[in-house]
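Below is one structure; the comments refer to it alone.
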């Protein structure tokens, strides 16, 4: 499938992240404030998503990025538009950061026809082939072999693209993880393995499920360069990810990044989150990636609380408009139940076009 995805119509991402770009200076103010706004937008999008779920506007499973915004924005932005992205079911923010229209993301959550997957995928299956966003996947670690296949396709075609595979700490304890890392190293595939370690696999802390609590050390078994970064610091995530991505683009060697962060909500919107203490939650709340970045911007006199308040109000209004759009969007037709599910068979077999019920 990867080999047949057409190149993006938009030009490659114009920005190559450098240390100088991330300095807290007036020259970088516009860029830094855009980073802040995008993180704030994703936060509010997710908060409103949870609200709409409780109103039964969104069905199925639903997993939020709240608390992980620095890994979302910092992980996606260093990529070129020709690079491929494979990610897990906690992918709303990833899709938005990649450039997918937030209206299409919310419409997909609402199960509407003009969603990213025509309402067939829902929360766990965002997809956009034009942007080479190859989807969120509902099975833990199930997309790692697919990313390996993507890396093989890039190598086979002798292109300079990178495959960026995002997954959680829980995925590192399954066989597909080890097989995928081993295969990517043996065949020198240009895959960057990006582990978003939010410290819990569902309700189980990392140290209770993994013999190696520092996940990045697992990559050493495959003689692979690996680093651990502060996933609550958007500037660090941006810089370190960019360095690893460009190394992999240059030599087609797979590499591994572990971004330490913390999800502020339960595993999913229906998780009561009783397994974490109040003290634990409060400790990491103080390291909120958005608030921490705001403190940096304030200290450097690049923004103030009045500015942040204005951004929050504007973002909330934008998200409300997005919800209205999704709510008013058309439902998929019952007669099209099988459309977009099976590739070419739909066009070739007219007998499938009738009322499936």
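The values are calculated or read from the model by the stated rules, or taken from the named source; none is laboratory data. Everything quoted here is computed from the prediction, not taken from an experiment. We place every Cβ from the backbone using ideal geometry, glycine too, and count neighbours over all the protein chains shown.
Here are the numbers for the structure shown:
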| item | result |
| --- | --- |
| Selected residue [modelled with pLDDT of 95 or more and in a helix (DSSP H, G or I)] from 183, 194 | 183 |
| Test result for residue 50, modelled with pLDDT of 95 or more, in a helix (DSSP H, G or I), more than 24 Å from residue 112 (Cβ to Cβ) and under 20 Å from the mean Cα position of the chain (by Cα) | no |
| Options 153, 176, 209, 171: the member that is at pLDDT 95 or above, within 26 Å of residue 62 (Cα to Cα), surrounded by fewer than 23 Cβ atoms within 10 Å (Cβ to Cβ) and touching a helix residue (DSSP H, G or I) at 6+ places or on another chain (Cβ under 9 Å) | 176 |
| Failed item, numbered, when residue 322 is tested on (1) in a helix (DSSP H, G or I); (2) over 21 Å from residue 58 (Cα atoms); (3) modelled with pLDDT of 95 or more; (4) in contact with a helix residue (DSSP H, G or I) (Cβ under 8 Å, 6 or more places away or on another chain) | (2) |
| In region 51-84, the residues that are buried (at least 22 other Cβ atoms within 10 Å of the Cβ) and closer than 18 Å to residue 122 by Cα | 58, 63, 64, 65 |
| Number of positions in region 243-258 that are in contact with a helix residue (DSSP H, G or I) (Cβ under 9 Å, 6 or more places away or on another chain) and buried (at least 21 other Cβ atoms within 10 Å of the Cβ) | 5 |
